[in-house]
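What follows is calculated from the coordinates using simple rules that are stated; it is not laboratory data. Computed from a prediction, not measured in an experiment: that's the story for all the values here. Here the Cβ is made from the backbone with ideal geometry for all residues, glycine too, and neighbour counts use every protein chain on show.
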Amino acid sequence: MVASYLGIPLTIRAYDILKGETRTPEFAANVSKASAIPVLEIQGDLGPRFIPESNAACWYLAEGSDLIPEDRFTQAEMLRWMFFEQNTHEPNIATLRFWYQFVGVDNLSEEQKAMITAKSNTAASALRLLEDHLATRDWMVGDAATLADVVLFPYTQTAEESRFPLANYPAIGRWLERVENVPALTPPR
């Protein structure tokens with residue numbers, strides 16, 4: 001979404017995580033030591049370099065653009081929501097979505113099955129926090145879309161696939177529509 005907004009062309013390489021393509025020694029040695037995706041590969045005079053954390057990659061692409069507020073306090077608030085996305089929102093909503101939509105509950109380990117209730121409770125709390133926050137404002141921070149909106153959008157828009165009906169979150173629904181209507185900001189589907 002950041003690259004689309006800024007008009008930066010990207011070449012996408014898909015890795016099949018279900019087949020373990022990100023868990024090979026080659027991937028860990030050459031792309032991401034944590035075997036995590038997505039990864040932004042930067043080509044330059046120093047050869048290829050990799051940024052394996054999605055929010056770090058978004059920051060790298062957006063630095064100097066209007067997606068990063070100039071005001072230091074607003075910038076810190078944006079970062080707060082980006083950290084919230086990585087530490088509370090994504091590990092619960094995205095994991096539940098992956099388990100329900102791609103793995104299947106019957107294929108989960110007993111340890112994973114035991115985590116469903118805690119992840120569901122934390123995801124519900126995260127969505128409630130977003131709902132309450134967005135009930136009084138149009139954007140996560142400031143008066144326009146920032147990286148906070150961009151990074152929170154993808155898994156929030158798919159929350160129903162994690163068994164959270166978006167009809168229960170009207171402020172989030174209005175915010176999702178606003179993000180979708182930002183010119184040049186093409187949300188993934």
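Tabulated data
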| item | result |
| --- | --- |
| Alpha-carbon gyration tensor eigenvalues x 5, square-rooted, for the range 1-156, Å | 27, 25, 11 |
| Taking the chain and dividing mean pair separation by its residue count, relative contact order in percent (alpha carbons under 8 Å, at least six apart) | 24 |
| Positive-pole candidate from I37, L61, L10, dipole of the range 1-78, charges at beta carbon | I37 |
| Label point distance in nm, L10-D143, each placed 7 Å from Cα along Cα→Cβ | 3.0 |
| Whole-angstrom Cα spans of the range 78-129 along principal axes, big to small | 38, 18, 16 |
| The chain: most fluctuating residue of D149, D138, D66 per GNM, C-alpha cutoff 10 Å | D66 |
| Percent of alpha-carbon pairs separated by more than 17 Å within the range 1-78 | 54 |
| Counted charge near A57, where neighbours are those whose Cβ lies closer than 15 Å (Asp, Glu -1; Lys, Arg +1) | -3 |
| Of the trypsin sites (Lys or Arg not before Pro) in the range 1-58, those whose Cβ has at most 15 other Cβ within 10 Å and which sit in DSSP loop | R13, R23, K33 |
| Helix-only [θ]222 nm of the chain, DSSP H runs n ≥ 4, -39500 (n - 2.57) each, per residue, nearest 500 | -13500 deg cm²/dmol |
| Linear extension gain, L129 paired with F102, 0.36 nm per residue minus alpha-carbon span | 7.0 nm |
